[in-house]
Amino acid sequence: MGASSILSIFEGAKSFYIPPHSSYHVDLNPAYDAKLDAEIDKWCMDFLNLHDLTDHKTQFAIQSKLGKLAGFAYQAISSERLSPIAKFFCWLFLADDFMDDPSVPVSDLKNATLAYKLIFKNDYDQAITLVESKGLLRQMGMLNDVYTDLKGFMNPGHKTRFSKSMIDVLDMFEVESSWLHKTLVPNFEIYMWMREVTAGVIPCMVAMDFLNNFGLEEEGVLDDPHIQTLEVIANRHSFLANDMVSFKKEWACEQYLNSVALVGYSSNCGLNEAMEKVAQMVQDLEKEFADIKQKVLSNKDLNKGNVMGYVQSLEYFMAANIEFSWISARYHGVGWVSPAEKYGTFEF
């Protein structure tokens, strides 16, 4: 469908209400201290070539707190491991912004995406032949450094899984970018299929394994239906919850690849009702996760080694996404002060 079809559904809405939608909470990993926070801020500023602390773009980058998603999500790892995964998260967000930018020529998007893929295929030398600007060359080098650090914690199986998952993300980023550039909007089912990849949660799950030394491949549990269902739930929970908080920003930017907008369109309902429907989806996923978690816990053949540690990590990630979405200026703008409760009324 075209964007004009979506525009009419919430016509006249001047505000909306995000209802309570999650029972999850998690605190920041103590290893994500002031020193690491400053390190991540500097990394983002260097990546974007921002140096003036009074500049609005610089403050937006700093107040977006992109690395803190890793600080909330990876609860039991040291600062040595937390630093590169936090920088990876920053890159993932910033690469997504680059791919969504309508001012970037399609040819530049294609070359940058191919270069990113080559880095994840361990061919940095070939990757840098595809980009010409000093800015992109600097960013490619910074990504390669972070990926090299992360690979130091991976075994061969992790490297294969992580590389494949990132190439899948970048492939789907291209699809999403083409839709945004052409102002095309999919139906809800196709959107869900796309977001299960572009949300970028799958490589973060692989990182849970190697950063915590869970040894899931050795335990032979990755193909278990219960574990796979828990991964699907954690993935969907993350992007649906995020869609509620990011809706205002995306709607203002005329970006309609958001579950709230698509639920409103498919259900022919108002904005608040669409928010309630998505909130209910998030709550239902939390209930389903709890039910399957209990089944894993009581299954002697499955509950072995670090399996429950991984299940808990999936739950931490869902909670981390909630915490991050409500503190980050990425979705609320410079000067945002996070409310005590994770619900409330927002004005356009």
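The values are calculated or read from the model by the stated rules, or taken from the named source; none is laboratory data. Everything numeric in this text was worked out from a predicted model, so none of it was measured. Glycine also receives a Cβ, built like all others from the backbone with ideal geometry; neighbour counts cover every protein chain displayed. Ligands, DNA and RNA are stripped out before the accessible areas are found, and what is left, the full protein with its side chains, is counted by its heavy atoms. Shrake-Rupley method; radii C 1.70, N 1.55, O 1.52, S 1.80 Å.
Filtering segment 93-134 to residues that are of a type outside the set (S, T, N, Q), more than 21 Å from the chain's Cα centre (by Cα) and part of a loop (DSSP other than H, G, I, E, B) leaves VAL104, PRO105, LYS121, ASP123, ILE128, LEU130, VAL131, GLU132. Taken over segment 47-60, the residue count meeting the criterion of being in contact (Cβ under 8 Å) with a residue 24 or more places away in the chain and open to solvent by 50 Å² or more (accessible area, probe 1.4 Å) is 5.
So, LYS65, is that one farther than 22 Å from PHE239 by Cβ and either open to solvent by less than 10 Å² (accessible area, probe 1.4 Å) or touching a residue at least 24 places away in the same chain (Cβ under 8 Å) (or both) or not? Here the answer is no, as LYS65 does not meet what is asked. Applying the set (1) of a type in the set (D, E, K, R); (2) free of Cβ contacts under 8 Å to residues at least 60 places away in the same chain; (3) open to solvent by less than 40 Å² (accessible area, probe 1.4 Å) to ASP209 leaves exactly one unmet item: (2).
Looking at segment 235-286, which of its residues are open to solvent by 60 Å² or more (accessible area, probe 1.4 Å) and touching a Leu at 6+ places or on another chain (Cβ under 9 Å)? Passing the criteria: ARG236, GLU254.
If a residue has to be in contact with a Gly (Cβ under 9 Å, 6 or more places away or on another chain) and not aliphatic (A, V, I, L, M) to count, how many in segment 48-64 make the cut?
Within segment 48-64, the first condition is being in contact with a Gly (Cβ under 9 Å, 6 or more places away or on another chain), and the residues that meet it are 48-49, 59-60, 63.
If we keep only those that are not aliphatic (A, V, I, L, M) as well, we get 49, 59-60, 63.
Going through segment 48-64 one residue at a time, the tally reaches 4.
Would segment 9-18 turn up any residue that is touching a strand residue (DSSP E or B) at 6+ places or on another chain (Cβ under 9 Å), at pLDDT 95 or above and either of a type in the set (A, V, I, L, M, F, W, C) or assigned to a loop (DSSP other than H, G, I, E, B) (or both)? Looking through segment 9-18, at least one residue is touching a strand residue (DSSP E or B) at 6+ places or on another chain (Cβ under 9 Å), at pLDDT 95 or above and either of a type in the set (A, V, I, L, M, F, W, C) or assigned to a loop (DSSP other than H, G, I, E, B) (or both).
The combined condition, being in contact with a Lys or Arg (Cβ under 8 Å, 6 or more places away or on another chain), assigned to a helix (DSSP H, G or I) and not acidic (Asp, Glu), is not fulfilled by ALA61.
Across segment 188-224, what is the total count of residues that are farther than 15 Å from SER313 by Cβ and of a type in the set (Val, Ile, Thr)? Before you say what the answer is, go through the steps one by one.
At the first step, the residues of segment 188-224 found to be farther than 15 Å from SER313 by Cβ are 188-200, 217-218, 220, 223-224.
Still in the list and also of a type in the set (Val, Ile, Thr): 190, 197-198.
Selection size over segment 188-224: 3.
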